[in-house]
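Enquirer: Right, I'll just put the structure down here and ask away after.
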Amino acid sequence: MNKGEFLYEDKAKKIFYTDDPLLVLVEFKDDATAFDGVKKDRLEDKGILNNRLSALFFKLLEDNGIKTHYQKTVSEREMLVKALDIIPVEVIVRNIAAGSLSKRLGIPEKTELKKTVLEFSLKDDELHDPMINHYHIYALELARPEEMAEMEKTALRVNDILVPYLKERNIILVDFKLEFGRHQGEIVLGDEISPDTCRFWDSSSGEKMDKDRFRADMGGVIDAYREVLRRLEGGEGPAVEGKS
Ligand code: TMP
Ligand code: ASP
């Protein structure tokens, strides 16, 4: 599979054509951003860790019958994925109150939600990914009702797979964001699943093991990502060697 022309880049990834029009190559960058790009930094090895973690999650989900864009890992920073026509609706799944939910509704962080909460955001950085509902989605023709039904069912199923999987590895899945796209008439899970797009808390200490460490200047961002990978790969010692 040859890496072709550069197609586009977002804040954390670059996308390249391949010689197969149905496949593209995703390269995970070390760039970290928060608050719609207002806060920026480079975190050495983040791209390598997120490539590994996303591949691991996509494989786990595929093994459980979820259609994902993941095809194979090509290098330490690159994965081959199905080319998707991305649906510009971010699907957020929440088990415990945190982040914007806590702020918006005045619910203290760590409050367990009695029922899983699904939210939808318009994927538009300039507008700061505003929350939208089904009426907006259909009025703006962002997705059709049967597509939304499929995305919602899949998002809840992903939660049902990931919560116990992570719990066994001493990690609480607080919330996460998914993106979907169309590929040959099917709705397919795309983008990435990583500590950039999920909230992970250590089950014993409650310590944050995700991008909130970067958002809040807590330090130890990459060490936390490495620890997530170590727990999921079940190996001993650092899963990704330092470069120094
Ligand atoms: P929030 O509480 O800030 O709305 O975030 C909910 C979840 O979505 C959290 O796991 C982080 C993730 N997320 C993204 O993946 N991208 C984003 O741009 C934002 C704001 C959140
Ligand atoms: N992903 C968004 C950004 O890069 C916001 C965030 O994750 O906090 O700015």
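Please treat every number below as a calculation from the coordinates, not as lab data. All values derive from a computational prediction rather than experimental measurement. Here Cβ is always computed from backbone atoms with ideal geometry, including for glycine, and neighbour counts include all displayed protein chains.
Enquirer: Scan the stretch 78-114 for GluC sites (Glu not before Pro) in coil per DSSP, keeping those whose Cβ has at most 16 other Cβ atoms within 10 Å, and list them by number.
Expert: E109
Enquirer: For K11, K211, K177, which order do you get if you count the other beta carbons within 10 Å of each Cβ and list the fewest first?
Expert: K11, K177, K211
Enquirer: Modelling each spin label as a point 7 Å along the Cα-to-Cβ direction, I'd like the D19/A139 distance in nm, to one decimal.
Expert: 4.9
Enquirer: Based on DSSP H runs of at least 4 residues, each adding -39500 (n - 2.57), what is the mean residue ellipticity at 222 nm of the chain after dividing by all its residues, to the nearest 500 deg cm²/dmol?
Expert: After summing the helix terms and dividing by residue count, I get -9000 deg cm²/dmol.
Enquirer: For the pair E233/D124, report the inter-label distance in nm, with labels modelled 7 Å from Cα in the Cβ direction.
Expert: 4.1
Enquirer: Note down the relative contact order for the stretch 12-81 as a percent, whole number, built from C-alpha pairs under 8 angstrom at least six residues apart.
Expert: Answer for the stretch 12-81 is 30 percent.
Enquirer: Hey, another quick one. Using amide H atoms built in the peptide plane, which far-off residues or other-chain residues are under 5 Å from A12 H to H?
Expert: Amide H to amide H, under 5 Å and 5 or more residues apart or across chains, A12 pairs with nothing.
Enquirer: Within the stretch 97-141, list the residues whose amide N lies under 16 Å from a label point set 7 Å along Cα→Cβ of R182.
Expert: 137-141
Enquirer: Normalised by the residues of the stretch 1-155, what does the relative contact order come to in percent, with Cα pairs under 8 Å and at least six apart?
Expert: 14
Enquirer: Okay, moving on. In terms of the Cα gyration tensor, with a ≥ b ≥ c the square roots of its eigenvalues, is the chain rounded because a/c is under 1.5, prolate because a/b exceeds b/c, or oblate?
Expert: It comes out rounded by the Cα gyration axes.
Enquirer: When the chain is modelled as a GNM with alpha-carbon springs shorter than 10 Å, which of L178, L127, L101 fluctuates the most?
Expert: Most flexible of the set in this elastic network: L127.
Enquirer: For the stretch 122-166, list residues with backbone N below 19 Å from a point placed 7 Å from the Cα of E112 toward its Cβ?
Expert: Label zone hits: 159-166.
Enquirer: Using each residue's phi in the stretch 165-170, evaluate 6.51 cos²θ - 1.76 cosθ + 1.60 at θ = phi - 60° and report the 3J(HN,Hα) Karplus result to the nearest Hz, with x for Gly and Pro.
Expert: Whole-Hz 3J(HN,Hα) from phi for the stretch 165-170: 4, 6, 4, 4, 9, 6.
Enquirer: In the stretch 3-61, which GluC sites (Glu not before Pro) are in a loop and have at most 14 other Cβ atoms within 10 Å, using DSSP for the loop call?
Expert: In loop regions of the stretch 3-61 (DSSP not H, G, I, E or B), the sparsely surrounded GluC sites (Glu not before Pro) are E44.
Enquirer: Taking 8 Å as the Cα distance limit and 6 or more residues as the minimum spacing, I'd like the relative contact order of the stretch 80-170 as a percentage.
Expert: Relative contact order of the stretch 80-170: 25 percent.
Enquirer: Please give the length that would be gained between S205 and D85 if that part of the chain were fully extended, namely 0.36 nm times their separation in residues minus their C-alpha to C-alpha distance (nm, one decimal).
Expert: Gain in length upon complete extension: 39.1 nm.
Enquirer: Sticking with this structure for a sec: Amide H neighbours of T68 under 5 Å, at least 5 residues apart or on other chains, H built in the peptide plane: list them.
Expert: Amide H to amide H, under 5 Å and 5 or more residues apart or across chains, T68 pairs with L189.
Enquirer: For I132, list long-range residues whose amide hydrogen, built 1.01 Å from N in the peptide plane, is under 5 Å from its own amide hydrogen.
Expert: F120, S121, L122
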